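None of the figures in this text is laboratory data; all of them are computed from the coordinates on show. All of these numbers come straight from a predicted model, not from anything done at the bench. Please note: Cβ atoms are built from the backbone with ideal geometry, for glycine as well, and neighbour counts cover all protein chains shown.
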Amino acid sequence: MNRQGFGVATDCIHPDDLSALRRFIEQAVAAAGGEYVAFTGHDSIRGTFLETLALSPEFMQACRTIYRHGTGRTPPTVPFYQVLRCLSGKTGERHAFFFHYDSYVITALVPVIMPTEGKRGDLMMLPNTRRIRTTYFRNLVDKILLDNKVTQVALRRLISWGYLRPTRVRMRPGNVYFFWGYRSVHANEPCDHDKTRATALFHYANPHAGSRLRGVARGTPAP
Ligand SMILES: O=C(O)CCC(=O)C(=O)O
Ligand SMILES: [Fe+2]
């Protein structure tokens, strides 16, 4: 994660768990008329393998250990923030090539369905382009500088002209990919319209969870 941008645990998800998840996703995409769907939080994925994984002590321990070694800090006792993203159809494209920093220090990415031909929807990243900011305000400045049309278009052009060479991660279902989501500019490439690309994300440890400014900005006072 520090050197090449990401770490990978290979062949650690059972094929039966993957097939059950694929069926769940295929039904959800069909119900959405073949278009983009996302599930945020744990309620909507209850009873699936993604719930099992989020509650797995070994998986949490792996993230806590990575956190401790990578940051030198004590890992917080917090649940994952989980998202299941299913890109499909024309709307999937709108969710591609959006470069961002995650709000959480570690991102564990579980590819569930990945196209193997055409535009596959690889993960593109510029690893470790910032440190963990001490204040939410400084983090917000980074986000504003990145989440705007000028920067987004500039990044896409610099990449397509070859001036910026992002790390491209071709993901394989069965593996789990770890990276410093908070510290790394990243986005996924689009995939072909007639294909589905589904990834489950497990985000761990928001450094600004207790920030008062974050509470005000989101309209929810921090506890
Ligand atoms: O689906 C992916 O490959 C990455 C998604 C991502 O970066 C995110 O949801 O924060
Ligand atoms: Fe992300």
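For the reader, a short list of remarks on this structure follows.
- When 99, 6, 59, 24 are screened for being more than 30 Å from residue 136 (Cβ to Cβ) and either more than 13 Å from the chain's Cα centre (by Cα) or not hydroxyl-bearing (Ser, Thr, Tyr) (or both), only 24 passes.
- Look at (1) touching a Lys or Arg at 6+ places or on another chain (Cβ under 8 Å); (2) in a strand (DSSP E or B) and you find that residue 107 fails only one, number (1).
- Filter result for the condition that a residue is in a loop (DSSP other than H, G, I, E, B), within 14 Å of ligand 2 (Cβ to nearest atom) and surrounded by fewer than 17 Cβ atoms within 10 Å (Cβ to Cβ), over 129, 134: 129
- Test: residue in the stretch 113-134 that is in contact (Cβ under 8 Å) with a residue 40 or more places away in the chain, on the phi < 0 side of the Ramachandran plot, touching a Pro at 6+ places or on another chain (Cβ under 6 Å) and among the β-branched types (Val, Ile, Thr): yes
- Scanning the stretch 17-44 for residues that are assigned to a helix (DSSP H, G or I) and either touching a Phe, Trp or Tyr at 6+ places or on another chain (Cβ under 9 Å) or buried (at least 19 other Cβ atoms within 10 Å of the Cβ) (or both) yields 17, 18, 20, 21, 24, 25, 28, 29.
- Positions within the stretch 166-186 being touching a helix residue (DSSP H, G or I) at 6+ places or on another chain (Cβ under 8 Å), in a loop (DSSP other than H, G, I, E, B) and not small (Gly, Ala, Ser), in sequence order: 166, 180
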